[in-house]
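As structure tokens, the structure follows; a few thoughts come after it.
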Amino acid sequence: MKYNSDVEAAEALNKSFQALKKEISKVIIGQDDVVKLLLTAIFCQGHCLLVGVPGLAKTLLIQTLSGVLDLSFNRIQFTPDLMPSDILGSETLDNERNFRFIKGPVFANIILADEINRTPPKTQSALLEAMQEYAVTVAGQKHNLSRPFFVLATQNPIEQEGTYPLPEAQLDRFMFMISLDYPSYKSELEIVKATTSDVRYQVKQVLTSAEIEDFQHLVRRVPVTDNVIEYAVSLVHKTRPKTELASKEANSYLEWGAGPRASQALILAAKCNALFNGKYSPDIEDVKAVALAVLRHRIVRNFKAEADGISVEDIVGKII
């Protein structure tokens, strides 16, 4: 859809955001902040990692999200015996003895990588090129993925046998790490009432793929003042121990800080957060609103932090 101005497009995005929230809330109860971050990532062309104990509706949330967007959806259940070809696809011989590429489940708009930390690094790395280049290479041939393309991965934080923590290089490809907590008492009452009856709520599609791409370009056109960019970049620099702008928390408790992708993600997410809040340009509060989701998986605690029981959330909160 074409708009007469960016202001009109920004208002349309805000209305679409409200409509998306309303539809998703028919199925997902009490996760408003999580839903907002997921939608922010989608309009910023980013990928998301959802972390939470089993039973917090991580998979249902992503399935519901695909239902309100006119996008193709594939779910990949990550297991220890999953191979890269099970994700990307493989070449096979057809009846004429010619090689033909059979596309894997990664060829969709939304990919649910369920329990991504249950598969070995060899298989985890199969997603790296797809997430970064929006293409996969099989037998020397490059195959482009359809746009828009999002990887929404889930993992359980509980230490168990048969899990393989994601390497830092792959974690950095995720725009957000979103932590899901237990629902409140009131929310859980509503969840139990809604899920133990015979009523099933159907969500309707709100946005097409073309509209999503238009809004993605709109987010990138949002103007940002220099002081907001300087704040975001200085925030990232404060996480880097033993550097000029390092904070005392980083020097005391961090082994590694966030890289330049964090600065880029902070600004893009702040732009989208501003549009969701009815503003036409982000301010420092918009950067702060997304800072934890952007930084929590990009900083590495040292032994002192672990020994003292200092969490990543504590460190990021003090730096902000």
So the check is Cβ under 7 Å with 6+ separation or different chains; which pairs have a first residue in region 51-75 that's assigned to a loop (DSSP other than H, G, I, E, B) and a second one that's hydroxyl-bearing (S, T, Y)? G52/S179; L71/S209
Would you mind stating whether V316 is buried (at least 23 other Cβ atoms within 10 Å of the Cβ) and in a helix (DSSP H, G or I)? no
Quick check: anything in region 154-170 touching a residue at least 60 places away in the same chain (Cβ under 8 Å), surrounded by 21 or more Cβ atoms within 10 Å (Cβ to Cβ) and either touching a Lys or Arg at 6+ places or on another chain (Cβ under 7 Å) or part of a strand (DSSP E or B) (or both)? yes
Based on what the data block shows, is F43 more than 16 Å from A113 (Cα to Cα) and crowded, with 21+ Cβ neighbours inside 10 Å? yes
If we keep only residues of region 257-295 that are part of a helix (DSSP H, G or I) and touching a Pro at 6+ places or on another chain (Cβ under 8 Å), then the residue farthest from N227 (Cα to Cα) is N273
With the structure loaded, tell me whether S234 is in the same structural domain as K279 (by TED's automatic domain parsing) and touching a residue at least 40 places away in the same chain (Cβ under 8 Å) or whether it fails that test. no
Would it be correct to say that R173 is closer than 22 Å to L69 by Cα and either of a type outside the set (D, E) or in a loop (DSSP other than H, G, I, E, B) (or both)? no
Considering region 76-89 alone, what residues qualify as being surrounded by fewer than 16 Cβ atoms within 10 Å (Cβ to Cβ), touching a residue at least 12 places away in the same chain (Cβ under 8 Å) and not aliphatic (A, V, I, L, M)? Q77, T79, P80, S85
Scanning region 91-144 for residues that are among the acidic types (D, E), touching a residue at least 24 places away in the same chain (Cβ under 8 Å) and within 25 Å of E168 (Cα to Cα) gives D114, E115
Within region 200-222, which residues are out of contact with any Phe, Trp or Tyr (no Cβ under 9 Å at 6 or more places or on another chain), of a type in the set (D, E, K, R) and either modelled with pLDDT of 90 or more or crowded, with 16+ Cβ neighbours inside 10 Å (or both)? E211, E213, R220, R221
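The values are calculated or read from the model by the stated rules, or taken from the named source; none is laboratory data. Just so it is clear, the model here is predicted, and its values are computed rather than measured. Here Cβ is always computed from backbone atoms with ideal geometry, including for glycine, and neighbour counts include all displayed protein chains.
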